[in-house]
Structure formats: C-alpha cells, structure tokens
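The values are calculated or read from the model by the stated rules, or taken from the named source; none is laboratory data. None of the values given here were measured: they were computed from a predicted structure. Virtual Cβ from ideal backbone geometry, glycine too; neighbours counted across all protein chains shown. Note: accessible area is taken over every heavy atom of the protein model, side chains too, but ligands, DNA and RNA are not part of it. Shrake-Rupley method; radii C 1.70, N 1.55, O 1.52, S 1.80 Å.
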Amino acid sequence: MLTAMFTTPTNTFVIAVVIATVAQILAGRFRFPPILLWLLAGMALGPFGLHILRIETIEPAMHTLVELGLAIILFEGGLNLNLKALRENGWVVGRLVIMGPLLTILIGGVAANVIVGMDWPVALLFGALISVGGPTVILPIVRQMRLGRHISHVLTAEAMLIDVIGAILAIIFLQIAITLNLSGMDFAVSLFYKLLLGSALGLAGGRLLAWGLTSHWVRDFELRTILTLTCAWGMFVLADTISSQAGLLTMLMMGATIQRMDIPDIQRLKHFKGSLSMLLISVLFVLLAAQMNLAVMQAYLWQGLVLFAILALLVRPLIILFSTPGSRLNLNESIYLAGMAPRGMVAAAITSLFALILQEKGHPHQSEMLMALVYIIIITSVLVYSLLASPLKRWLRIEGGDERSVLIIGGGQVGAEVGRALSEDREVRFLDLNTEVISTMQRSGYDAICGNALDPLYWEIIHAEEIGSAIIMTGSSDHNLLIARLAHEQFHIPDIYIALQENDEQKHASMIHQLQAKRLFAKAYSFTYWNDQAYRKRLTYETREVEPDSPLAGVRMADARIQNGVQPIAVVRNGQTLIPHDELVFQSGDDIKMLMRPERMQPGQPLVLPPASAPVTD
C-alpha cells in the first residue's frame, strides 16, 4: 500500500519538492551549499538507493525539466555577467577565465582519456564541463570567510564570468562529440550557424525584453518577473526549434544583453530566480541525482577522485601561476585562490542535459561515464573546498574585510551626519530607503544604495562581506533587530550597533545579547525627533574634550548622563573615530562629537555629565 502511494508522477514530483525544500532549509541552517544536499538526497532516495523517489514515473518529462531549468540558470549567468568587475580587477580575472578553461580542457581531457579510457571527443567535453565554476558555492564561502576586498572580488568575478565561458566551450565540444560523422567543413559551418543564431536571437530577445520591462504596461515587480521568465523560455524554445542546442547560447546572450541596458530595478531582475525558479532548479537536481546509477558511481569512484586530485593539485595551481603575476594579490592570497575552485549548479545542469543528448545520440556508456565523473568531482569539490576554506584562511593569515569600514542603515539625515563624522578615518557606506539622503551622499562621493535593508539583495550590492561594523538606526527597534539578525547570521558582520527607542532596552535585552550587538548612542534614540530637527536645520555641531581631571574619565558611556537635546555621534581618541555605545569608556583626551539644539543649552553648560554620585565639573 505504501509503495503504491509513490508510483504516480504527481506523488514523485511532490516528494522531490519536499526533499528539495528540506535540503534547502538544512543547507541554510548549517551554512552549506544546497547543491550538495540536493545531490546526496536524490541519490539516496532514488531507484538505486531507498527507491522512495519513483523517478521512472516522470522519466518522459525529464528532458523538458532539465532544459527549462538549465535555460533559467544560463539566463541568470548572463544576467550576472559583470564586465565592470573584469575592469576593476585588472587582467587577473581576464587571465583566469581564459587560462582556466583552456588548461582544464587540455589537462582534464587528457587525464580522462588516459585514466578512464573516455573517447577523445567526450574527454574534451568532460574538460569543458568541469571548467565551469560554482558561483552558488563560492559566494557563500566569500561571505562567510570575510576575505579581503581584492581576493573576494577576484573569486566572485571569476565564478560569474567562467560560467559563461565554460558553458560556451561545453556547447562547442558537445557538437564535436555528436557530429563525428560530419566533415571538418560541415562541422565548422554547423557550429558557426548555431553560434550566430544563438547570439542573434539572444541579442534580439534581450532588447525585446528590455523594451517590455521599461514599458508602462509592466510596472508591477511580480509581473516583470513573470514576463522575464516567459520571454527567457520563449526565446529558448524558438532558438532550439530552429537549431538544436542553439537555445543555450541564446540564454547566455539574452541575459548579458539585459544586464547592460538601463532597466528599472535591474538588481532585482538579477535575482529574479525567485520561488518558482529556485523550486524548479532544486527539484531538478534532486530528480537528476535520483537517476544516477550508484553502481556506475561506485565503479568510477577512484578514477573520479584521481581526476579531482589532478584538477585541485595540478590544474588549479597552474592556472593561478599563469594568471596572478602583476596583480594586486600577495603570495598568500594567490595560494588561497589556488585552493578555491568548487564546481556547482551550472556544471551539474549542463552535464545532465548533455548526458541525455549523448544517450539519445547512441552513446549510453559514454553518457553514464561522463555524468558519474562530473558528479563525483562536483560533490568532492563542494565538500573539500567548503571544509578547507576556513583553516586555509587561518594558515595563510588572509586578512578579512576592512574592520573599520562602516555601513549605516536607515539613519536618514542623522545617519548622514554620523557617517560624515566617522568618515574622517573610516570608509563609510549607506543603505537607506530615503532617496533624498542617498542622492546627497552619492553626490558627496560616498558608496550609497537606496533599498530595503531586510532584503539580502541590497547587502550583496553594497558588498556587506567587506564591512566591519553595521550601524542600524531606523525608526523602529523591532525593525532594527530584524536587520541586525540578518547582518549577524547571513553576513557575519563582527560589530553591530542598534539604535533603540525609549523603554525598549530591557524589552530587547536578550535578543541584543544573542546577536552580540551593542546599543547605539548609549541612550534612547528618537528617530522622528532628531531627523525632523536635522531636516529643519535646527541642529549645530559641538565638540567637547574630556579633560585629564574630568570625572568622565573612566566612566562607561551608559552610566554617563547625556543632556536632553544632545545627541552624541562619534568619539575621537588619538585620531581614531569610535562609535558611541553603552560599553565605551571615556578616557582623558577624548573628543565627544555631538549634535545639539543650541537654544536648549546655556553657554558653558556641561553636555555629558558623570554619574549622579560623581562631582560635576566644567
């Protein structure tokens, strides 16, 4: 009875959805790339494991699911193609994305032919497939490890760009593998036709979609997402109908065309892979892994591990050796780069589709061998590089992000003043929904983004992995705590300062302790009052020095009495700015920078007083 429950296509698909969702939750909880859990769960529960997933019931639809899922992945790869990152990091990224695939195809292909006995065309296709990087794996590693700016930008840019280069090369070598009966000239003409058709349709489809997204007919974001998905799939089917496999290049070109055009909310479209597309991709990998013959995996396990060792210990170091001379990376950072080359979602998806195509073309043995070896390398690379990232960073003493950089979130006019005060010796960035404040800070030369701080997208745009301190000062204590949780749990920012409204300190004490955060300003903060005063230009700057004989010396800021109408924004000690918070202890020589209402104070009146038990001096 229980077995009969799992024998319908609907039940199989729903079970795959449940497995994919649970795996995604567990991956997020334990900070592990989800693709690893998708693949392991699919193999364990498929026909060659526990056989809970009756993959045979939906096998006729697998080709379609793989094609549609891969279309989304490649479109997003083109959409994230960042040529600006290539310019910013000099030629090091350019050399990585050129030398990387070439050396991987050459050495990987030769190794596959010698060690496994793979036919030369399929061996070269294997080399092209494993040259594709893993942005879905490397981005969480960069975020969690908090690497320095140069190395994190190089790793990120390489992962994004090499996806596109590797995918194009894989398409070329697939044509070689399946058209061995064609003459050299016929093959060249066929390949040129596919590349020309894919490029032309991708460019046309991108411009057509850009026109639709900027039209007044499509203003709602949900509708824009649906339109993007529909156009991507539509152009993929059109290109594939005209010439098989041309749709893959069409998706890359279409995404690349879109990202270079002036489209409102382009950053959200870069992450358009929302609930529907992520669900499709995750379910796709569970189903593909369930199809994997574990006996074949076992038969090629040691060969796969040997190939991975060659890639990790020979190919990757050679790529770095040829790519990093003359770059801004030091020796230790170059060694760290040599130890980071995981494969991920794009490699798995392209391999799955190409394996199906090879099987349909009458190469079942080569198809099984190809898929088994690539999956072994993907799983091994995710495991090894995820576990190696942290100890390798410690061993090489790779410096993290700038610990004195500050991200000010939701501060409005007062946040801008806090940022100006701290920018004397810090890099300060802003994330706010106040367009007026953001525009002003951008004109002043600051890195400022207008966006919702509860959306991780905007943290990625502003490169939160490089930030040392986050100052969160919106008008809601609850809102601030939610943002602080995101900063702490997803972006691992070391120092978090939270502004709290009147009477909220005790209410949120346990959450602040859990997040290891600090109360900003060492006093209750009224967002509405202070921003209104700043907007009306009623505030003036005041700086008071803590004299050597002042009773404030040695006093915690939380214990000091800060007068009404006075708002501390920074403390300067020995030329360094400090962020005011409860645990800051005043020292003689400190300069306390404040905003104040001048009409509320008498000339010479102390603005920050010691505790009531201590004597008051001027």
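Within the stretch 182-198, can one find any residue that is part of a loop (DSSP other than H, G, I, E, B), without any contact (Cβ under 8 Å) to a residue 24 or more places away in the chain and over 22 Å from G133 (Cα atoms)? Looking through the stretch 182-198, at least one residue is part of a loop (DSSP other than H, G, I, E, B), without any contact (Cβ under 8 Å) to a residue 24 or more places away in the chain and over 22 Å from G133 (Cα atoms). Residue count for the stretch 228-262 under the criterion of being among the β-branched types (V, I, T) and open to solvent by less than 10 Å² (accessible area, probe 1.4 Å): the result is 3. Could you list, in sequence order, the residues of the stretch 389-401 that are touching a Gly at 6+ places or on another chain (Cβ under 6 Å) and open to solvent by 30 Å² or more (accessible area, probe 1.4 Å)? E399, the sole residue that qualifies. Could you check the stretch 413-427 and list, in sequence order, the residues that are in contact with a Gly (Cβ under 8 Å, 6 or more places away or on another chain) and surrounded by fewer than 24 Cβ atoms within 10 Å (Cβ to Cβ)? The one that is in contact with a Gly (Cβ under 8 Å, 6 or more places away or on another chain) and surrounded by fewer than 24 Cβ atoms within 10 Å (Cβ to Cβ): D425. Here the condition is being of a type outside the set (D, E, K, R), in a helix (DSSP H, G or I) and either under 17 Å from V93 (Cβ atoms) or in contact with a helix residue (DSSP H, G or I) (Cβ under 6 Å, 6 or more places away or on another chain) (or both); of A341, A348, it holds for A348 alone.
Just one of the listed residues (L392, L387) is more than 25 Å from V110 (Cα to Cα), assigned to a helix (DSSP H, G or I), in contact with a Phe, Trp or Tyr (Cβ under 7 Å, 6 or more places away or on another chain) and hydrophobic (A, V, I, L, M, F, W, C), and it is L392. Quick one: which of L358, L329, L307, L321 is touching a residue at least 40 places away in the same chain (Cβ under 8 Å) and either touching a His at 6+ places or on another chain (Cβ under 9 Å) or open to solvent by 20 Å² or more (accessible area, probe 1.4 Å) (or both)? Being touching a residue at least 40 places away in the same chain (Cβ under 8 Å) and either touching a His at 6+ places or on another chain (Cβ under 9 Å) or open to solvent by 20 Å² or more (accessible area, probe 1.4 Å) (or both) holds for just one of L358, L329, L307, L321, which is L329. All of (1) more than 23 Å from G109 (Cα to Cα); (2) crowded, with 24+ Cβ neighbours inside 10 Å hold for M345 with one exception: (1).
Here D186 fulfils each of the conditions (1) closer than 29 Å to L124 by Cβ; (2) modelled with pLDDT of 75 or more; (3) surrounded by fewer than 18 Cβ atoms within 10 Å (Cβ to Cβ) apart from (2).
Scanning the stretch 559-599 for residues that are over 21 Å from G411 (Cβ atoms) and either open to solvent by less than 10 Å² (accessible area, probe 1.4 Å) or among the small types (G, A, S) (or both) yields a total of 6. Taken together, I483, I461 contain a single residue that is farther than 17 Å from G419 by Cα and either charged (D, E, K, R) or open to solvent by less than 10 Å² (accessible area, probe 1.4 Å) (or both), which is I483. All of (1) open to solvent by 10 Å² or more (accessible area, probe 1.4 Å); (2) in contact with a helix residue (DSSP H, G or I) (Cβ under 8 Å, 6 or more places away or on another chain); (3) part of a helix (DSSP H, G or I) hold for A295 with one exception: (2).
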